[in-house]
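The numbers here are math on the coordinates, done by the rules we state, and not lab data. Predicted model only: the values in this text are computed from it and were never measured. Counting neighbours? That spans all protein chains shown, and the Cβs are built from the backbone with ideal geometry, glycine included.
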Amino acid sequence: MVLNLCLPALAYLMGSISSAILISKLMGISDPREIGSGNPGATNVLRYGGRKAAFFTLLGDASKAALPIILAQALGVAASITTLVGICALIGHMYPIFYKFKGGKGIATMIGMTLALDPLLGTCFITCWLCIAFLFRYSSLAALGAVLLTPLFAWQLGQDAVSISLLTLAGLLIFSRHKTNIESLLAHTEKKIGGKY
């Protein structure tokens, strides 16, 4: 019971650490909250900080979910609680206590979460993202497509009903953070991958 409470709390706090802001400070790049889309995430860092900064941001954001999940698995926590741990890291990334609850959109953290829960699930998520991004050149569209299909992938891989429901919740959270992107996609004003604001 103690682990079931402490691990999600730890995951939330880890998720609240902004890789984009920390990497930008370390590499002497402008605060991602003050340039471009204003989103502290890997895509915005890529546009203004380059591939190296974006890579480390992506790695950091993915690790925030992967590490607490791996810890939960090592401690023998139930699969549904382990998935909840990942969700809490995702919520921390989106609504970080250290940054006035204004965080990123969660895709890199979702990558880390799915890879740690099931490497095959994570591979499906990444492959789906890459295919949509390659075809349409929109990072947001690729993200939304991958998130939408993740519960289906999880079902096909034999995940339990609670875990699938939690992954669906993760998708809804990510969709809510992409509201402006959805509006821009519908208005044909969304920036393509590699484009600057």
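For the range 160-195, filtered to residues that are hydroxyl-bearing (Ser, Thr, Tyr) and touching a helix residue (DSSP H, G or I) at 6+ places or on another chain (Cβ under 6 Å), the residue that is farthest from GLY38 (Cα to Cα) is SER163. The set of residues in the range 1-38 that are farther than 26 Å from PRO68 by Cα, surrounded by fewer than 16 Cβ atoms within 10 Å (Cβ to Cβ) and either among the small types (Gly, Ala, Ser) or in contact with a Gly (Cβ under 6 Å, 6 or more places away or on another chain) (or both) comprises GLY28, SER30, GLY38. Answer yes or no as to whether ILE111 is closer than 18 Å to ALA20 by Cα and surrounded by 19 or more Cβ atoms within 10 Å (Cβ to Cβ). When the stated conditions are applied, ILE111 passes them. Residues of the range 87-143 that are within 21 Å of ALA154 (Cβ to Cβ), within 12 Å of the chain's Cα centre (by Cα) and not in a helix (DSSP H, G or I): LYS105, GLY106.
Counting the residues of the range 69-82 that are closer than 20 Å to ILE126 by Cα and surrounded by 18 or more Cβ atoms within 10 Å (Cβ to Cβ) gives 1.
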